[in-house]
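Colleague: First, the structure itself, so that you have it in front of you.
The values are calculated or read from the model by the stated rules, or taken from the named source; none is laboratory data. Source: prediction; values computed, not measured. Here Cβ is always computed from backbone atoms with ideal geometry, including for glycine, and neighbour counts include all displayed protein chains.
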Amino acid sequence: MSYLKYLRAAALTGVLVVPVAFAACGGGDDGGSSSNGDTTAGRAKGEEGVPDGAPFIDQNNLKFIPTKITANAGEKIYFKNSETALHTVTIDGKNESGNMKKDHVFEWTPPGPGDYKITCDFHPQMKSEVVVK
Ligand SMILES: [Cu+2]
């Protein structure tokens, strides 16, 4: 009977060791993928409905973020309303998007190289700029 107890103890020990080994393996993960929603470069990253790397302007906190982006001719620009306030994408004075509710994504392909002023019909303080090369 004592041998049987030893076997059970060994089995129990084995069960306990396995998770420790897995934990050690998992330690290699960097866990540094916390940059979702980072728009500082004017490129989408982890925004729902917007391809990663696409030129992107967020509408949040009653601002366009960022206030200036650059894009290449032919690239599609993405705008997204991330808050409950209604916004528009008004380009050089023309409302191109209509009223945008929360999570609405508006896509716009500039007609060619140039410097386009982006405003919101509801919030005069909201300004951005798209420079197409
Ligand atoms: Cu607005």
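Colleague: Could you check segment 44-133 for strands (runs of 3 or more DSSP E) lying wholly inside it with 3 or more residues that are more than 11 Å from the ligand (Cβ to nearest atom)?
Modeller: On the way: elements: 56-60, 63-65, 69-71, 77-81, 105-108, 114-119, 127-132.
Correct list: 56-60, 69-71, 77-81, 105-108, 114-119, 127-132.
Colleague: At pLDDT 95 or above and of a type in the set (Asp, Glu) - does that describe any residue in segment 28-36? Give the steps one after another, and end with the answer.
Modeller: First, pick out the residues of segment 28-36 that are at pLDDT 95 or above: none.
No, segment 28-36 contains no residue that is at pLDDT 95 or above and of a type in the set (Asp, Glu).
Colleague: In addition: Taking only pairs six or more apart or across chains, which ones have beta-carbon atoms under 6 Å, a first residue in segment 75-86 that is closer than 12 Å to Trp108 by Cβ, and a second residue that is among the polar types (S, T, N, Q)?
Modeller: Pairs found: Lys76/Thr109.
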